Amino acid sequence: MSSIGKDLRKVLRSEQVLDLREDVSAYANDATYYIAKRNPDVVVLPESTEDVSAVMKYAFAGRIPVVPRGAGSGLAGGCTPIHGGIVIDMKRMNSILEIDAQNMTAHVEGGVVLGEFVKKVERMGLFYPPDPQSSQVCTIGGNIATRAGGPRGVKYGTTERYVTGVEAVMADGTVITPGGKVVKQSSGYDLTHLFTGSEGTLCVITKGMLRLLPLPAAKRTLVVTCASPDQAAEIVSEIIARGAVPAMLEFLIKMAVGVMNNYIKPPIPLDGEAYLLMEIDGTPAQLDVETYEIEKACTGLGALDVRIISNPAESATYWYARTRLYPLMTTVFKRVITEDITVPRNKIPELVRSIQSIAASVGVAVGLAGHAGDGNMHPTILQGEISDEMSRKADKAIEEIIRAGLDLQGTISGEHGIGIHKNRFLELEHGADQVALMKTIKRALDPFNIMNPGKIWTEDGGAV
């Protein structure tokens with residue numbers, strides 16, 4: 001039993017505190033298993049805001065690092081406890097406190113699993129659009145902490161658009177509740193959205209107030225086969241320019257579709273080099289108009305085929321396969337490193353060409369898929385073997401891809417967050433002055449740097 005664990009058993013029930021090596025080792029990293037591993041000293045499983053507050057008061061008094069954790073499904077190393085300390089596992093705070101259908105809001109605890117929440121609101125004829133690919137396991141608190149996105153970002157935006165308030169436990173254990181149920185608020189600083197995307201570096205998000213929408217009446221899936229990735233990227237730009245904005249618009253290269261075919265029945269014919277997978281939603285009349293515009297855009301730019309999937313069960317297999325793409329890739333390759341570059345949508349063709357050039361010049365295999373409708377691309381380094389040389393090549397390719405995205409007025413992360421995976425690149429995007437301002441905010445709210453230290457920026461302040 002660790003000394004921290006012994007102390008925390010005086011604050012929480014004994015079964016809420018884990019400090020045996022075999023227990024804490026499960027919390028050594030998130031889905032970025034290839035970056036770093038470090039066991040925490042202790043894991044706590046709070047069941048209430050009061051529990052979280054008590055743990056934070058103890059950590060603040062002892063200057064002990066604290067790492068908030070949702071499902072551990074992140075792709076940026078955000079909940080890797082690189083300084084040990086205390087991991088706060090939020091999974092037991094999983095109550096949906098209220099769904100207010102008249103006000104179209106929901107109040108949830110941070111450990112609520114997104115997929116379960118979505119099912120519940122849809123049974124009520126309501127709609128919560130944010131849909132990260134890990135939706136069956138990820139938690140809403142983690143989504144808020146990282147501004148998580150997903151395929152529907154093209155039409156509906158990402159998590160921050162739907163957060164109207166939070167309950168936050170600060171570094172010293174103080175509990176505050178910025179925001180609320182109201183649609184509009186213009187009183188004081190917007191702390192709600194300061195905490196949204198703060199990746200556990202400013203507070204522990206224990207509850208969220210969320211905005212809901214009416215559930216769309218109908219939806220339709222389309223699959224477009226393209227002769228080349230360039231052509232697919234050009235078609236994306238044309239579709240958006242025509243104003244026919246799909247709810248989801250996914251870009252996939254041939255290899256990715258071949259992997260997805262493990263789940264799709266009947267499988268997609270592999271006649272092209274790139275594919276666009278789309279879902280449009282709205283009224284039946286809207287679907288007809290948008291389908292016409294999309295078909296016209298695709299045929300006008302020479303797409304090889306446009307398939308309209310009319311069977312809902314068949315459509316569901318396409319979108320299930322898309323959510324399984326990353327896990328499937330990890331079974332095919334020994335190491336899979338997924339990037340998260342977002343550029344203005346009309347710059348996607350240039351980004352695709354840059355990525356292809358970088359892959360060839362560095363000598364690495366790069367898979368390419370992404371939420372192309374909002375410019376968010378996921379170039380993925382695929383390693384059939386693990387070696388120092390392959391790691392150096394992967395690092396070089398990642399840096400060049402990130403720089404290419406920034407040169408196109410993009411961002412280093414559209415939805416995954418920064419964590420430790422990209423902290424050395426933060427100054428490249430924001431510059432030293434903005435990063436210094438972020439650090440000033442951090443010091444004001446977390447004077448002893450106990451909240452998820454080492455994340456978002458490098459600890460020595462350096463940049464590439």
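The values are calculated or read from the model by the stated rules, or taken from the named source; none is laboratory data. Model, not experiment: these values are computed from the prediction. Every residue, glycine among them, receives a Cβ derived from its backbone with ideal geometry; neighbour counts consider all protein chains shown. Side chains are part of the model used for accessible areas, which takes the heavy atoms of the whole protein and leaves out ligands, DNA and RNA. Shrake-Rupley method; radii C 1.70, N 1.55, O 1.52, S 1.80 Å.
Each Cα pair under 8 Å and six or more residues apart adds its sequence gap; the mean of these over the residue count of segment 129-200 is a relative contact order of 31 percent.
Protein-only accessible surface at a 1.4 angstrom probe places the residues Val245, Val336 in the order Val245, Val336, largest first. Give me the angle, in degrees from 0 to 90, between the Cα long axis of helix 114-123 and the longest principal axis of the Cα atoms of the chain, rounded to the nearest 10. Helix 114-123 and the main axis of the chain meet at about 70 degrees. Checked against a 28 Å cut-off, the cross-linked pairs Lys6/Lys439; Lys6/Lys91; Lys6/Lys442 give Cα-Cα distances beyond that limit for Lys6/Lys439; Lys6/Lys442.
Considering only protein heavy atoms, with the full assembly of protein chains and a 1.4 angstrom probe, order Tyr320, Tyr33, Tyr58 by accessible area, largest first.
So the residues, ranked largest to smallest area, are Tyr320, Tyr33, Tyr58.
Applied to segment 350-362, the Karplus parametrisation 6.51 cos²θ - 1.76 cosθ + 1.60 on θ = phi - 60° returns per-residue 3J(HN,Hα) values of 5, 5, 4, 5, 4, 5, 4, 5, 5, 4, 5, 6, 7 Hz, with x for Gly and Pro.
For segment 1-116, what proportion of DSSP beta bridges, expressed in % and rounded to the nearest 5, is antiparallel? Present the calculation step by step, with values, prior to reporting the outcome.
Numbers: 6 of 13 bridges.
Percentage antiparallel, nearest 5: 45.
Between Ile386 and Glu459, the FRET efficiency estimated from the beta carbon spacing at R0 = 25 angstrom works out to 0.40.
Assigning unit charges at the beta carbon (Lys, Arg +1; Asp, Glu -1) and nothing else, what dipole magnitude in debye, to the nearest 20, does the chain show about its Cα centre? Provide the component values of the computation, followed by the final result.
Numbers: 47 positive and 54 negative charges, 130 e Å.
Dipole of the chain, to the nearest 20 debye: 620 debye.
Taking Cα atoms only, the orientation of helix 388-407 departs from the longest principal axis of the chain by about 70 degrees. Looking at segment 366-464, the pairs of alpha carbons with a distance over 16 Å make up 63% of the total.
Over 22 Å between Cα atoms: which of Lys184/Lys219; Lys334/Lys396; Lys119/Lys219; Lys181/Lys207; Lys37/Lys455 fall into that group?
Values: Lys184/Lys219 30 Å; Lys334/Lys396 19 Å; Lys119/Lys219 17 Å; Lys181/Lys207 13 Å; Lys37/Lys455 14 Å.
Table pairs above 22 Å Cα-Cα are Lys184/Lys219.
Relative to the current alpha-carbon distance between Asn346 and Ser48, full extension at 0.36 nm per residue lengthens the span by 102.7 nm. With only Cα atoms counted, segment 215-290 has Rg and Dmax values of 13.2, 35 Å.
Looking at the chain, what % of the alpha carbon pairs are farther apart than 43 Å?
In whole percent, the share of Cα-Cα pairs in the chain beyond 43 Å is 14.
Taking 7 Å steps out from each Cα toward its Cβ at Tyr189 and Asn262 produces label points 4.7 nm apart.
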